[in-house]
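Step one of this worksheet: look at the structure below.
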Amino acid sequence: MQTQLKLYNSKNREIEVFEPLNPPFVGMYVCGPTVYSEVHIGNVRTFGSFDLIYRYLLHLGYKVRYVRNITDVGHLLDDTSEDRISKKARLENIEPMEVVQRYTVDFHQTMEKFNALPPSIEPTATGHLIEQIELVQTILDKGLAYVSNGSVYFDVAAYNKSRNYGELSGRNVDDLISNKRALDGQDDKKHPADFALWKNAEPQHIMKWNSPWGVGFPGWHLECSVMSTKYLGKQFDIHGGGMDLKFPHHECEIAQNKAGYDEEPVKYWLHTNMLTFNGKKMAKSEGTGVTPREMLTGNHPLLTQAYSAMTIRFFMLQAHYRSTLDFSNEALQAAEKGLKRLMVALEAIDGLPTFDKSSVDVNDIKEKLYGAMNDDFNSPIAIAHLFEMVKWVNLITDGKETINEADRSSLSTLAHTFVHDILGLQNETSNDGSEKIDGLIQFALELRQQAKLDKNYSLSDNIRDRLKEIGFEIKDGKDGTTYNPI
Ligand code: AMP
Ligand code: ZN
C-alpha cells in the first residue's frame with residue numbers, strides 16, 4: 001500500500017522518485033558543524049531535519065550509512081581571514097584541539113537531548129589530511145589547479161572549459177569572475193572565482209601541516225569531497241546541508257569531485273531551509289543565534305520561558321524542512337500544548353474500550369501518514385494526520401465512536417511508530433522516574449518560596465544554588481518559578 005518515496009532534488013529543482021544507486025544500501029553525507037562554539041538552534045533545525053530523513057529511510061528498510069563530518073580546521077571567516085577555530089584558541093589562549101574537543105562533546109550532548117540518532121561515521125577534517133593532500137595533487141596533475149605562493153587554488157576557468165561550475169546554485173561563472181573583482185586583490189588567485197584547495201600558513205598561524213607546497217592547511221570545501229568519497233564512494237545517494245551551504249561550499253565540492261574523480265558525486269542534493277527570527281536568518285554574528293542551552297533554561301532575552309527539547313523538536317517538525325521557520329514564543333507555546341495533547345492521546349490508545357464494531361478507518365490514517373512522509377518527508381502534514389488520530393481517540397474515550405480490538409492494536413502500533421521511531425518524539429515525563437524528580441523539585445521550590453516569604457534569603461538562595469549544582473536551573477518569571485535541566 002505504501003506509495004514510493006519522492007524527494008525534492010535541489011540540483012534538478014524537481015521532485016523525484018527515490019531510487020538508490022545500490023539498494024537496499026543508501027549513502028548519505030551531511031555537512032556537520034564547525035566546532036568553534038556551541039551550535040545555535042538554527043543548526044539544530046538542520047541536523048534535526050536530517051535526523052527525520054535518516055529515521056524515515058531506516059524505517060523504510062534501507063541500510064543507511066550516514067556520514068556527518070566535524071569541521072575542525074579550515075573554515076575561514078572569509079576567504080582571506082583567520083580560521084574560526086584558531087581564532088577562538090588564540091582568544092582563549094588554549095590549544096585549537098581543546099576548542100574542538102569542547103564543542104564536539106557539547107554538540108553530541110545537544111543532539112542527544114534532541115533525540116537525534118548518531119551518524120554511522122563522524123569523520124574529522126584533521127583526521128583526513130593525507131587524503132586531502134592526495135586530492136589536491138590529483139587536481140593539480142589534471143591541470144585544474146595551480147600553485148601560487150605556497151597555496152593551491154582551484155582553476156575555475158580551466159575547469160569550466162569542459163564542465164559547468166555553478167550547476168548546483170545556478171550561478172553564472174562569468175558574473176562571478178567579474179563581480180568579485182575588488183574583494184580578493186590582495187591574494188594570489190588568477191581569478192576571483194578561484195577557491196583555495198590548500199592555503200599557505202603565515203608564521204603566526206597555529207593549525208598547519210607539511211605538504212608538497214609548503215606548510216599550510218586545507219581549504220574548507222576539500223574535507224567534504226574527500227570524506228564523502230572515502231566512506232560512501234565516488235558516487236553516493238544523498239548529500240545534505242543547510243541552504244546557505246549551496247554556494248560556495250557544495251558548488252566547490254562538486255567541482256573538486258568532478259575534477260579529481262571524473263564522476264558526478266551525488267544523486268540527490270537535499271537542502272534544509274533556515275530558522276529565522278523576525279524573518280531574518282538566525283545567526284550568531286547578528287546576535288540572533290539562540291543556543292539550545294538558552295532555550296532549555298529560558299535564559300535569553302528573546303524567550304519568555306524555558307522550552308523542553310521535545311517541544312523544540314516538535315515545533316521544528318511542524319514546518320517542512322524546505323520552508324523557512326520563524327522562531328517565536330507564541331509558536332513554541334502552541335507547540336508545547338500540541339505535543340502534550342498528542343502524547344496524552346498516544347498513551348490513551350492501549351486503554352481504549354473495545355467493541356465488536358469499529359468506526360475508525362485505521363488504514364486510511366495509515367495511508368495518509370505514509371503519503372505525507374513519502375511526499376518529500378512532509379512532517380507537518382503527517383502531524384496534522386496524527387491530530388486526526390487524536391480526535392478519534394478522544395471521540396472513542398467520550399463514547400461517541402467505537403473501535404474493535406484489532407483496530408486498536410494496529411492504531412497503537414501505527415501511532416507509536418510514527419511518533420517515536422519516525423518523528424523521534426519522546427515522552428518527557430513518563431520514563432525513568434522523571435515524574436518523581438519533578439515532584440521533588442517542585443517541593444524544593446515550595447520550600448524556597450516559603451523561605452522567601454519568611455525573608456530567610458540565605459536559605460532561599462541556598463536552595464537555588466544547590467539545585468543548580470545538581471543540574472537544575474531555576475528561573476523566576478512573571479508566571480511563577482520554572483526549572484530546567486542544565
Ligand atoms: P556551520 O557550523 O556554520 O557550518 O553550520 C552547520 C549547519 O547548520 C549547516 O548545514 C548550515 O547550513 C546550518 N545552518 C546555519 N544557520 C542556520 C539557520 N539559521 N537555520 C537552519 N540551518 C542553519
Ligand atoms: Zn561540507
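Pairing the Cα long axis of helix 220-232 with the longest principal axis of the chain, what angle in degrees results, from 0 to 90 and rounded to the nearest 10?
70
Which whole-number percent is the relative contact order of segment 335-450 (Cα, under 8 Å, 6+ apart)?
Once normalised by length, the contact order is 33 percent.
Taking θ = phi - 60°, what integer Hz values does the Karplus form 6.51 cos²θ - 1.76 cosθ + 1.60 yield along segment 240-246, in sequence order, with x for Gly and Pro?
x, x, x, 4, 5, 8, 4
Determine one quarter of the surface area of the Cα convex hull of segment 100-158, which equals its mean projected area, and express it in nm² to one decimal.
Mean shadow area of the hull around the Cα atoms is 6.5 nm².
Can you give the charge dipole size of segment 240-326 about its Cα centre, rounded to the nearest 20 debye, using +1 on the beta carbon of Lys and Arg and -1 on the beta carbon of Asp and Glu?
It works out to roughly 340 debye.
Which percent, to the nearest 5, of DSSP beta bridges fully inside the chain are antiparallel?
Expressed as a percentage, antiparallel bridges in the chain total about 55.
Per residue of segment 361-375, in order, report the coupling 6.51 cos²θ - 1.76 cosθ + 1.60 (Karplus, θ = phi - 60°) as ³J(HN,Hα) in whole Hz, putting x for Gly and Pro.
Along segment 361-375, the couplings run 9, 5, 4, 5, 4, 4, 4, 5, 5, 5, x, 5, 5, 6, 8 Hz.
For the chain, take the convex hull of the Cα atoms, compute a quarter of its surface area, and give me that in nm², please.
Spelled out: convex hull of the Cα atoms, projected over all directions, averaged, 26.6 nm².
Using only DSSP helix segments of four residues or longer, with each worth -39500 (n - 2.57), what per-residue ellipticity at 222 nm results for the chain after dividing by its residue count and rounding to 500?
One gets -13500 deg cm²/dmol as the mean residue ellipticity at 222 nm.
Compute the FRET efficiency between Ile130 and Leu440 as 1/(1 + (r/R0)^6), taking r as their Cβ-Cβ distance and R0 = 56 Å, and round to the nearest 0.05.
0.55
Which trypsin sites (Lys or Arg not before Pro) in segment 1-67 sit in a loop by DSSP (not H, G, I, E or B) and have at most 15 other Cβ atoms within 10 Å of their own Cβ?
Within segment 1-67, the qualifying trypsin sites (Lys or Arg not before Pro) (loop, at most 15 other Cβ atoms within 10 Å) are Arg13.
Can you tell me which of 148-156, 402-410 comes out highest on packing, and rank the rest after it, using the mean Cβ neighbours within 10 Å?
Top of the packing list down: 148-156, 402-410.
Roughly what angle does helix 251-261 make with the longest principal axis of the chain, taking Cα atoms, 0 to 90 degrees, to the nearest 10?
Tilt relative to the chain: about 60 degrees.
Would you work out which of Ala89, His416, Tyr56 lies farthest towards the positive end of the dipole of the chain? Charges go on Cβ: Lys and Arg +1, Asp and Glu -1.
Working it through, the farthest residue towards the positive pole turns out to be Ala89.
In whole Å, what is the distance between the alpha-carbon centres of segment 137-167 and segment 354-378?
53
Any chance you could give the angle, 0 to 90 degrees and rounded to 10, that helix 457-470 forms with the longest Cα principal axis of the chain?
On a 0 to 90 degree scale, this one is about 60.
Going down the table (Lys161/Lys234; Lys113/Lys281; Lys391/Lys475; Lys113/Lys234), which pairs top 27 Å between alpha carbons?
Lys391/Lys475; Lys113/Lys234
Mind checking which lysines have their Cα closer than 22 Å to the Cα of Lys208? Skip sequence neighbours fewer than 8 apart in that chain.
Lys87, Lys88, Lys189, Lys199
Only the coordinates and a few stated rules stand behind these numbers; no lab work does. Computed from a predicted model, the values in this text were never measured in an experiment. When we count neighbours, we look across all protein chains shown, and the Cβ atoms used for this are built from the backbone with ideal geometry, even at glycine.
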